[in-house]
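The values are calculated or read from the model by the stated rules, or taken from the named source; none is laboratory data. In this text, all values refer to a predicted model and were calculated from it rather than measured experimentally. Here the Cβ is made from the backbone with ideal geometry for all residues, glycine too, and neighbour counts use every protein chain on show.
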Amino acid sequence: MKKVLDLISQEVMDAFENCGYEASYGKTGISNRPDLCEYQCNGALAAAKKYKKAPIMIANDVVAVLKEKPVFAEVSAVNPGFINMKVSGEFTAEYLLAMQADENLSVEKTDAPKTIIIDYGGPNVAKPLHVGHLRSAIIGESVKRICRFMGHKVIGDVHLGDWGLQMGLIITEVKHRQPELPYFDESFTGAYPEEAPFTISELEEIYPTASAKSKEDAAYKEEALDATAKLQNGVRGYHALWQHILNVSVADLKRNYSNLNVEFDLWKKESDAQPYIPDMVEAMKRDGYAYEDQGALIVDVKEESDAKEIPPCIILKSDGAALYTTTDLATIIDRMKLFAPDEIIYLADKRQEMHFTQVFRCARKTGLVKDETGLKFIGFGTMNGKDGKPFKTRSGGVMRLEHLLSDINEEMFRKITENHEVDPEEARETAKLVGLSAVKYGDLSNQASKDYVFDVERFTSFEGNTGPYILYTIVRIKSILNKYRAAGGTVEQGHIVSPASESEKALMLEIVKFNSMMEQAYEEKAPHKICSFIYDLANAFNHFYHETKILGAEDAAQQKSWIEVLDLTRRVLETSIDLLGFEAPERM
Ligand code: ARG
């Protein structure tokens, strides 16, 4: 469906042309003075110079034409030459009727679907998910859903960190504790046990213990490095142990992500890229891109236009070891081979920006991607506590994601059960949904690149710019619709009439913004646009609701129309929150 602003602009452009002015002066925007008008065109001011005529005269000419158009209820020329407009109720109602009949709620899907890989989540095996991974998962999931909604083929990849020293550390610690295990017996040729020699909670304790030991004990560190090398060289027992670590971790990660309503299409990992490295390095050397510098193998990636220094990309360290960069380059090869994506989008902490600049430049320069392949990094800021420092537990430790979520759920449960009798089981379920909305909306309503303060009290409030407020609004609409049904009404389509009040029109004019907002959210990969849209929409709805007796309405046709406007509001809100990655309960 055409966007409302485009329809209006078209009318105004036609009018400019009719009056003998260039059509392009008729471009129209949303008014920044909603007290005066809904839409506004400033083209007469610009046209004045070209036509050497007072702007107000041009505006008057155009307004005379516009006054005849059924699209507008009011049009006026205002000094020094603004054109102020209000659209007619019929036009608004007709637009809503068309939206209602459209399964995509007026959003036009792309006619040139791209294959887009989204690399997000990025957890590391055997390390518990902590709040640092929360943003990647939340923002990535939303960006994935937005791209998909616009009609693209999107593949979400968790890109598990499973290949660094952390694996050697775990293997070493297991070896110290259980040296008798067959994994460490080089002469062992039988089948290794099916069962892992540790549980997830043991694993989560093993890693930090090993990591701490390696910092104090040089010999231990040496052992871990050696174990890492053995694993990477494919030593059988080490590989089998690594497989156990992976299985145990992945099962746990899947459980955690599912609590977050985050779902990956692919569970690829850093190790999957390793087989590509030798050939990649050879090709980079052969083609003259990679050269040795102080023993390391590097590729220059600086460009003349750089304002700051972009250091070369290190492909291999002087000891021949591959790095994070090497893995990311090789992963691009893997992705191009398997999916030939048109675009790859990465989500990671914004402090990784330099890393991605280097990787992208190196990939382009060395021809790992096509010229037209998009490579985009979305860097996000830090989630801080109220003290302005990275969010920690009360005792100052790293907050585990699980604990963060259960704290929020407890708080929600308390709020939900505080004022009224509810079935505790249902309240638990509701608390989970509302808690998730608090966390996700609290995050997504900020521009991703900014740091933000994770404020449990504010995020869980039912008032203000919060997830629970949005859900509360949806639940309120559902409850009105249910009461209407219970009284014998049926919620249908096709009966929306012109708005009966200012507040109803304001609500309608918020609803119609959905398609243009979605285009922007997609273009800018910006979930926060959806948040501010639904906040405005929820406010407009609540204002209308407080002013209008909907269920007690006397005029049945009017009531039917209102019910349909409500149902459309609900659909737009529910579609929007689904794009943010959460959902509304039936009641709360
Ligand atoms: N595992 C990494 C980390 O914890 C994030 C991975 C981001 N993705 C990537 N392709 N480098 O920092």
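Numbers at a glance
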| item | result |
| --- | --- |
| Among (1) over 30 Å from V439 (Cα atoms); (2) outside any strand (DSSP E or B); (3) away from the ligand (no atom under 16 Å from the Cβ), the one test that A251 misses | (1) |
| Residue among K86, K127 that is among the basic types (K, R) and within 16 Å of the ligand (Cβ to nearest atom) | K127 |
| In the range 493-510, the residues that are out of contact with any Ser or Thr (no Cβ under 6 Å at 6 or more places or on another chain), in contact (Cβ under 8 Å) with a residue 24 or more places away in the chain and part of a helix (DSSP H, G or I) | S503, E504, K505, A506, L507, L509, E510 |
| Any hit, the range 556-563, residues being crowded, with 20+ Cβ neighbours inside 10 Å and in contact with a Lys or Arg (Cβ under 8 Å, 6 or more places away or on another chain) | no |
| Pairs with Cβ under 8 Å, 6+ apart, first in the range 308-333 and farther than 19 Å from T366 by Cα, second more than 16 Å from the ligand (Cβ to nearest atom) and among the polar types (S, T, N, Q) | S318/Q294 |
| Hits in the range 322-345 (condition: away from the ligand (no atom under 11 Å from the Cβ) and in contact with a Ser or Thr (Cβ under 9 Å, 6 or more places away or on another chain)) | M336, F339, A340, P341, D342, E343 |
| Unique match (being modelled with pLDDT under 95, in contact with a Phe, Trp or Tyr (Cβ under 9 Å, 6 or more places away or on another chain) and either surrounded by 13 or more Cβ atoms within 10 Å (Cβ to Cβ) or among the charged types (D, E, K, R) (or both)) among A330, A283, A322 | A322 |
| Matching residues, the range 130-143, being touching a Gly at 6+ places or on another chain (Cβ under 8 Å), aliphatic (A, V, I, L, M) and either within 12 Å of the ligand (Cβ to nearest atom) or within 23 Å of L338 (Cα to Cα) (or both) | A137 |
| Test: M336 is surrounded by 17 or more Cβ atoms within 10 Å (Cβ to Cβ), aliphatic (A, V, I, L, M) and modelled with pLDDT under 95 | no |
| Among the candidates I138, I117, residue that is crowded, with 23+ Cβ neighbours inside 10 Å, outside any helix (DSSP H, G or I), of a type outside the set (S, T, Y) and out of contact with any Ser or Thr (no Cβ under 9 Å at 6 or more places or on another chain) | I117 |
| Some residue of the range 543-553 being assigned to a helix (DSSP H, G or I) and in contact with an Asp or Glu (Cβ under 9 Å, 6 or more places away or on another chain) | yes |
| Meets criteria (closer than 30 Å to K376 by Cα, at pLDDT 95 or above, out of contact with any strand residue (DSSP E or B) (no Cβ under 7 Å at 6 or more places or on another chain) and surrounded by fewer than 17 Cβ atoms within 10 Å (Cβ to Cβ)) for E524 | yes |
| Members of the range 44-68 found to be more than 26 Å from M508 (Cβ to Cβ) and crowded, with 21+ Cβ neighbours inside 10 Å, listed by number | A44, A47, P55, I58, A59 |
| Exclusive hit being in a strand (DSSP E or B) and under 30 Å from K370 (Cα atoms), set V154, V143 | V154 |
| Residues (modelled with pLDDT of 95 or more and outside any helix (DSSP H, G or I)) located in the range 199-221 | D217 |
| Whichever residue in the range 346-359 is within 11 Å of the ligand (Cβ to nearest atom) and over 17 Å from Y289 (Cβ atoms) and, among such residues, is nearest to the chain's Cα centre (by Cα) | L347 |
